[in-house]
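Some notes on the structure that comes next.
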Amino acid sequence: MKGAARADEPAELVVTDLVVDYPIGRRRHRRAVDGVSLGVPAGRAVGLVGESGSGKSTLAKAVLGMAPVSAGQVTYGGKRLNDLGRGARPQEIQVVFQDPYSSLDPTKTIGYTLQEPLRAQSARTGRSLPAAAREELVRAMLTKVGLPAEAADRYPAQFSGGQRQRVSIARALILEPRLVICDEAVSALDLSIQAQILNLLLELQQDLGLSLLFITHDLSVVNHIAEDLVVLFRGRVMETGPAERVHRQPQHPYTRQLVVSAPLQDLDRQRARRERREALALPPARQAPLGESCPFAHRCAFAVDRCRSERPLLRAAPLGGQVACHRAEDLPPWSEDLTHPHEATGSTAP
Ligand SMILES: Nc1ncnc2c1ncn2[C@@H]1O[C@H](COP(=O)(O)OP(=O)(O)OP(=O)(O)O)[C@@H](O)[C@H]1O
Ligand code: SF4
Ligand SMILES: [Mg+2]
């Protein structure tokens, strides 16, 4: 286990049957999250993975009170959060967003930015921390995330992207949260810097007993940090299970596509895979309206009539975990080469 649960008061995020509809104009809406359930137990790292537009950030925003919850519920430590405004959400939940450039105020020193949550906390509770104590806390936090204490006196522009993301992490940690939501927290960074930030998050998770909800479109990134995975597609959960198993033996056709499209560190393997796929290229598929069909039916090599008329529910998967696929038992054993529609259709579709 990568993280360690803290013995005192277990923190747990539970999302149940969450639906988020964004209004479009007066009468219409776009359903961004469509009945998602997931849990982040105390001290564990859960990865939420899916392609762009699958609803990952919307789910995070619903937890943070920044997106409208149409149905379902979000609880933290047993307390229902749905009806709490953004300002009333528990400070035990903090977030690190993707873009360290836009999330830090360029006109404020790092020290000022890191003190902001402390000042807001004082205003909320009426218990003010002396300025010297706040400064000391900021310096200690900067050191914890691998930056010099003097960074407090500098401005964001004086730091690299990786360093700025360390500042964002320090800002998220300064109120001693129990759960940190990382929404594409390393996606804007170069590969080598990504690895440093992932390692930092892992260390912090272990040292502080944090829970992590780690959101990314990149399966290869999430595999380094998460113990459990939730795979999202068009606002619905496609597969869940231990990260290592989901990565090694994906049981949903969509997860299989995600695995083969995740970038490989080995450039030769990456090139060989790309050439193989290019040789078999299909025209891009059209995205059909959802209705009662499987959301993946328009891109799935294994789709049969039932997939277009009956929504597959999340259920126990043949190799453990859960999967939302009518045909999970019929898929050929996992191999990267079998994921391409031409090959897979020819060999398995009835
Ligand atoms: N404020 C909004 N109003 C209307 N639609 C929205 C809004 N925010 C997001 N959406 C739509 O909701 C769906 C899910 O978006 P979301 O940002 O949650 O996806 P994501 O998985 O985080 O994608 P990405 O990987 O690109 O960050 C998309 O179709 C998106 O266009
Ligand atoms: S339910 Fe059907 S369309 Fe959906 S992933 Fe499974 S086989 Fe493919
Ligand atoms: Mg997003």
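The values are calculated or read from the model by the stated rules, or taken from the named source; none is laboratory data. Not measured: the values here are computed from a predicted model. Every residue, glycine among them, receives a Cβ derived from its backbone with ideal geometry; neighbour counts consider all protein chains shown.
Quick look at the values:
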{"read-out": "Search result, residues across the range 62-85 that are surrounded by fewer than 21 Cβ atoms within 10 Å (Cβ to Cβ), closer than 15 Å to L213 by Cα and within 16 Å of ligand 3 (Cβ to nearest atom)", "value": "L64"}
{"read-out": "Selected residue [farther than 27 Å from V222 by Cβ and at pLDDT 95 or above] from R127, R119, R139", "value": "R139"}
{"read-out": "Subset of the range 87-113 (residues that are more than 20 Å from the chain's Cα centre (by Cα) and of a type in the set (K, R))", "value": "K108"}
{"read-out": "Count - residues of the range 23-56 that are near ligand 1 (Cβ under 8 Å from one of its atoms), out of contact with any Phe, Trp or Tyr (no Cβ under 9 Å at 6 or more places or on another chain) and not charged (D, E, K, R)", "value": "5"}
{"read-out": "Unmet criterion (only one of (1) more than 30 Å from E203 (Cα to Cα); (2) more than 16 Å from ligand 3 (Cβ to nearest atom)) for V33", "value": "(2)"}
{"read-out": "L201, sole failed condition from (1) touching a Ser or Thr at 6+ places or on another chain (Cβ under 8 Å); (2) under 20 Å from R166 (Cβ atoms)", "value": "(1)"}
{"read-out": "Residues satisfying the stated conditions in the range 232-255, i.e. among the aromatic types (F, W, Y) and within 16 Å of ligand 3 (Cβ to nearest atom)", "value": "F233"}
{"read-out": "Filter pass, A157 being over 27 Å from the mean Cα position of the chain (by Cα) and modelled with pLDDT of 95 or more", "value": "no"}
{"read-out": "Among the candidates R89, R124, residue that is charged (D, E, K, R) and buried (at least 17 other Cβ atoms within 10 Å of the Cβ)", "value": "R89"}
{"read-out": "Residue match in the range 136-143 (condition: among the hydroxyl-bearing types (S, T, Y), without any contact (Cβ under 8 Å) to a residue 12 or more places away in the chain and assigned by TED's automatic domain parsing to the domain that holds L204)", "value": "yes"}
{"read-out": "Tally of residues being in a strand (DSSP E or B) and surrounded by fewer than 21 Cβ atoms within 10 Å (Cβ to Cβ) across the range 204-227", "value": "0"}
{"read-out": "Criterion violated by L229 - all others in (1) away from ligand 3 (no atom under 16 Å from the Cβ); (2) within 27 Å of A120 (Cα to Cα); (3) in contact (Cβ under 8 Å) with a residue 40 or more places away in the chain; (4) of a type in the set (A, V, I, L, M, F, W, C) satisfied", "value": "(2)"}
{"read-out": "Of the criteria (1) within 13 Å of ligand 3 (Cβ to nearest atom); (2) on the phi < 0 side of the Ramachandran plot, which one G53 fails", "value": "(2)"}
